[in-house]
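Just below is one structure, and these are the notes that go with it.
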Amino acid sequence: MTTPTCIYRPANYLEPTPWEVIFGRAAPVEIDVGTGKGTYLVREAQRNPDRNYLGIDRLLVRLRKADAKVRRLGLTNVRLVRLEAGYFVRYLVPTGSVAVYHIYCPDPWPKRRHQRRRLINEEFVEALHRTLKPGGEVRFSTDDLDYYGAVVRVFGCYRGFCELSPPPHSEVAQTDFEALFASKGQSIYRKHWRKFD
Ligand SMILES: C[S@@+](CC[C@H](N)C(=O)[O-])C[C@H]1O[C@@H](n2cnc3c(N)ncnc32)[C@H](O)[C@@H]1O
């Protein structure tokens, strides 16, 4: 018998579906925004079978690679969604329902005229806050110092998040892009926030 795909096609694109329906069980939900080939997502899902993991990406070719890993390992706690992440978080994630958002190496759009395409802006941070559980976390990394500064400023202006100390380097599980940038000698900038109300 072939393992079924974990790529999830929402039946309703206008309003959220409960996580219990999507995963078939109740468990804390972690979302990897821009999951790419899903290496990080799959590793975390394997390490924490008592938690549910959702990976979002707009590139189907990458999600298919993630799906193949999940099926090979027989993981039942992973779902993948092919959608624009801003839309998904704003409209399809239930309010107060997410334990952790992972946002690692989002496209930095370094040219000034492209910066409005960046995923993380005030509206997105507001949607993260609304959809997190009290005490929920956002974990962010980038190799782009300018984007890092902009993201830290947006979170700093938003009441309702406090900064956390970043974990020690030795405890951080690298994503594919973090490993790629590190192999080229580039720095990775990290920040975590917690929702406090
Ligand atoms: C630079 S890669 C990082 C992948 C992975 N997080 C890592 O660190 O290895 C960015 C990923 O985000 C996806 N992406 C970029 N903007 C997106 C958006 N608005 N909605 C969904 N996916 C997006 C891209 O397709 C790509 O797979």
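Bear in mind these aren't lab numbers, they're just calculated from the coordinates by the rules spelled out. Small disclaimer: the values here were computed from a predicted structure and weren't measured. Positions of Cβ are backbone-derived with ideal geometry, glycine not excepted, and every protein chain shown enters the neighbour counts.
Placing +1 on each Lys and Arg Cβ and -1 on each Asp and Glu Cβ, with no other charges, gives region 19-195 a dipole about its Cα centre of roughly 400 debye.
Centroid-to-centroid, using Cα positions, region 99-164 and region 1-32 are 24 Å apart. Relative to the compact-globule estimate of 2.2 N^0.38 Å, the Cα radius of gyration of region 24-149 comes out at 1.05. Largest GNM mean-square fluctuation among 104, 148, 87, using the chain with Cα springs under 10 Å: 87.
When the chain is treated as a GNM with alpha-carbon contacts under 10 Å, the residue of 133, 37, 111 showing the greatest mean-square fluctuation is 111.
Please identify, among 156, 136, 185, the residue showing maximal mean-square fluctuation in a Gaussian network model of the chain using a 10 angstrom Cα cutoff. Largest GNM mean-square fluctuation: 185.
Think of it as helices only: each DSSP H run of n ≥ 4 in the chain is worth -39500 (n - 2.57), and spread over all residues that comes to -8500 deg cm²/dmol at 222 nm. By DSSP, what percent of the beta bridges with both residues in the chain are antiparallel, rounded to the nearest 5? If we restrict to bridges inside the chain, about 35 percent are antiparallel.
Only the Cβ atoms of Lys and Arg (+1) and of Asp and Glu (-1) were treated as charged; on that basis the dipole of region 105-165 about its Cα centre amounts to roughly 240 debye. Using θ = phi - 60° in the Karplus curve 6.51 cos²θ - 1.76 cosθ + 1.60, the 3J(HN,Hα) couplings for region 145-151 round to 4, 5, 5, 4, x, 5, 5 Hz; x is entered for Gly and Pro. Among the trypsin sites (Lys or Arg not before Pro) in region 160-197, those placed in a DSSP loop whose Cβ has at most 10 other Cβ atoms within 10 Å are 184. Length available on full extension from residue 3 to residue 162: 0.36 nm per residue minus the Cα-Cα distance, which gives 53.1 nm. Here the relative contact order of region 19-195, from alpha carbon pairs under 8 Å that lie six or more residues apart, stands at 21 percent.
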